[in-house]
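> One structure, as structure tokens, below. Some questions next.
The values are calculated or read from the model by the stated rules, or taken from the named source; none is laboratory data. Just so it is clear, the structure is predicted and the values come from calculations on it, not from any experiment. Every residue, glycine among them, receives a Cβ derived from its backbone with ideal geometry; neighbour counts consider all protein chains shown.
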Amino acid sequence: MTRFITLAWITLLIPSAAARAEELNIAPADVTLVEVSARVLHDKIRGGLLGQMLGNLNGVKHEMKYIDEPGNVKDYVPALPKGARTDDDTDFEWVYVIAMQDENQILLPYSRIAELWRKRINRGIYCSNRYARRLMDLGIEPPLTGSTVLNPWAEFNISGQFLCETFGLMAPGMPQTASRIGLNYTRVAIDDEPAQSTQLFCTMIACAFLTHDVDKLLDDGLAALDPKSRQREIVTDVRQWHRQYPTDWRTTRRLLKEKYYQADGGQRDRNGYELTTGSTVAALLYGKGDLAGTLQTAFNFGWDADNTAATAGTIVGVMRGYRNLMANDWQIVDRYRNTTRDNMPMDETITSYADRVTELAEKIICEQGGKRTIVDGRPAYVVPTERPGNVHPLVRSEDARGEMRAELREEITTGILQGTSKQQQARAAYLAICLDMAPELAERHPDPWRRAIAALNGYQELISYLYSKRPGTPAHKDLVKRATAAGVVPEKKRK
């Protein structure tokens, strides 16, 4: 049984709740205390994680297979007959979850996050995440590694979505808290619209603990988006197309493609936030709360299908719960095998992973002003549920560039003129290129500038990825142009 308690009881039951709301910039009127049994809460967290893993791993064989036209997957039955394994849709979060537990800290500082990447996240990383990892080699740390000014993938990549789901599970009924936690980790590699994706889906997952109504969840998700976010239009479009064609997902898929393709089928049209947000929303609407139907729709929409299926699967898994899913007699082996992450446990189980998330959820509930209690003789939680809201507004790239230039100008100049290591020189040169300082520094300090560029050219893993054909977006082309003008040369073009 779930009991709703009005805000008037907050100061009587939990004196700290109103204070915590004010501290987190959440209006007290946006907080309502809810009693939830421990059994139900644990069941929903396990269900969400299982739904995520099924969507991810069952979707891998459909990933990037259906681009121009949709797939034709029929009679799909969810299964993990060999158990689950690490994949980038879950293993970034797994690294963080274990560190959060070990260090008893929800928001790990960015210096610690960079240490975790260097030690544990070096394989199975792509696009924005791969570029962020290479920026760390230069000594550039998060959240700068996810700045749209420094990372040419950061303003469109799906990482804002597929690296956020577990953080929604950690903050049941607390969408603003879920978004803040999610952003602390996804902004390692993204910002701009993808940061809105983090808030959209963390909010929907957190709110799925309280409702089974997909339309209500979509309303909640919209409330978490910046008013200027393009994803408001995407969500609204897909909902409208679903109303017009409630049994014809293919038409909705065609309309989504026609309106939001923008790169002639290039990288952005495969894992950009536009198509992935639209596909995830469509999967939820056409899936009608059924996990198998939701995942099958996500697979058939195609593009980066395993990631959209994982997000939609997390939401439906929370709504349905673990026991409900397992009642289907699907082949699910309780194993989570490490195939990708260094210096991490080699074997986990899906259940033990979920238990880790549950432990962190209890910590978050208590830190936010809730508590563990007993209701009718059984363990329960008093959860300070929140209304959804935007916690990280959009920031224009040019505004971010100007602010960053003012903040880092002295540091960059010092690195060029007095840098004592190749890394310091290379870092300064890269930042100068991105922040429109390269021509000035090259003219005023030609010899130190040449040394700094030579140092930067020594980081060929970064340079080679920068000069690859992907993503081919305006931001990427602009950065390549700046780098070339500054004297950066990929190894394959050297004489």
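> With of a type in the set (S, T, N, Q) and surrounded by fewer than 16 Cβ atoms within 10 Å (Cβ to Cβ) as the only criterion, which of Thr340, Thr349 stands out?
Residue meeting the stated conditions: Thr349.
> May I pose another question? Scan region 473-488 for residues that are surrounded by 17 or more Cβ atoms within 10 Å (Cβ to Cβ) and at pLDDT below 95 and report the count.
3
> Just the residues that are of a type in the set (A, V, I, L, M) and part of a loop (DSSP other than H, G, I, E, B), please, taken from region 39-75.
Met64, Ile67, Val73
> Quick one: Gly55 ticks every box in (1) of a type in the set (Gly, Ala, Ser); (2) more than 16 Å from Val316 (Cβ to Cβ); (3) touching a residue at least 40 places away in the same chain (Cβ under 8 Å) bar one, so which box is it?
So the condition that Gly55 fails would be (2).
> Can you report the number of residues in region 311-331 which are farther than 19 Å from Lys288 by Cβ and surrounded by 20 or more Cβ atoms within 10 Å (Cβ to Cβ)?
Final tally of qualifying residues: 1.
> Same structure, new question: Restricting the search to region 245-283, which residues are of a type in the set (D, E, K, R) and either more than 13 Å from Pro70 (Cα to Cα) or not in a loop (DSSP other than H, G, I, E, B) (or both)?
Arg250, Arg253, Arg254, Lys257, Glu258, Lys259, Asp264, Arg268, Asp269, Arg270, Glu274
> Restricting attention to region 413-467, report how many residues are of a type in the set (Val, Ile, Thr) and either within 30 Å of the chain's Cα centre (by Cα) or in the same structural domain as Asn151 (by TED's automatic domain parsing) (or both).
Residues meeting the conditions: 2.
> Do you know which residues across region 284-296 are in a helix (DSSP H, G or I) and not small (Gly, Ala, Ser)?
Leu284, Leu285, Tyr286, Leu291, Thr294, Leu295, Gln296
> Report, by residue number, each residue of region 244-264 that is hydrophobic (A, V, I, L, M, F, W, C) and modelled with pLDDT under 95.
Of everything in region 244-264, just one residue is hydrophobic (A, V, I, L, M, F, W, C) and modelled with pLDDT under 95, namely Ala263.
> Could I ask something else about it? Could you say whether any residue in region 436-445 is of a type in the set (Asp, Glu), surrounded by fewer than 23 Cβ atoms within 10 Å (Cβ to Cβ), under 30 Å from Gln105 (Cβ atoms) and touching a residue at least 12 places away in the same chain (Cβ under 8 Å)?
Within region 436-445, not a single residue is of a type in the set (Asp, Glu), surrounded by fewer than 23 Cβ atoms within 10 Å (Cβ to Cβ), under 30 Å from Gln105 (Cβ atoms) and touching a residue at least 12 places away in the same chain (Cβ under 8 Å).
> Now for a separate question. Scan (1) over 19 Å from Met170 (Cβ atoms); (2) touching a His at 6+ places or on another chain (Cβ under 9 Å); (3) not basic (Lys, Arg) for the single condition Thr358 breaks and write down its number.
Looking at each condition in turn, Thr358 falls short on (1).
> Scan region 390-408 and give yes if some residue there is free of Cβ contacts under 8 Å to residues at least 12 places away in the same chain and hydroxyl-bearing (Ser, Thr, Tyr), otherwise no.
So far as region 390-408 goes, no, none of its residues is free of Cβ contacts under 8 Å to residues at least 12 places away in the same chain and hydroxyl-bearing (Ser, Thr, Tyr).
> Please state which one of Arg450, Arg470 is closer than 21 Å to Thr145 by Cβ, among the basic types (Lys, Arg) and surrounded by fewer than 18 Cβ atoms within 10 Å (Cβ to Cβ).
Arg470
Conditions (1) outside the structural domain of Ala361 (by TED's automatic domain parsing); (2) touching a Ser or Thr at 6+ places or on another chain (Cβ under 6 Å); (3) modelled with pLDDT under 95, marked per residue:
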residue: Ile26; (1), (2), (3): no, no, yes
residue: Gly48; (1), (2), (3): no, yes, no
residue: Glu69; (1), (2), (3): no, no, no
residue: Asp91; (1), (2), (3): no, yes, no
residue: Gln101; (1), (2), (3): no, no, no
residue: Arg112; (1), (2), (3): no, no, no
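> For the structure I just gave you, tell me whether Gln199 is crowded, with 24+ Cβ neighbours inside 10 Å, of a type outside the set (Phe, Trp, Tyr), under 21 Å from Trp153 (Cβ atoms) and in contact (Cβ under 8 Å) with a residue 60 or more places away in the chain.
So Gln199 fits the description; yes.
> Limited to region 262-277, what total is found for residues that are touching a Leu at 6+ places or on another chain (Cβ under 8 Å) and either closer than 15 Å to Ile315 by Cα or free of Cβ contacts under 8 Å to residues at least 24 places away in the same chain (or both)?
Residues flagged as touching a Leu at 6+ places or on another chain (Cβ under 8 Å) and either closer than 15 Å to Ile315 by Cα or free of Cβ contacts under 8 Å to residues at least 24 places away in the same chain (or both) within region 262-277 amount to 1.
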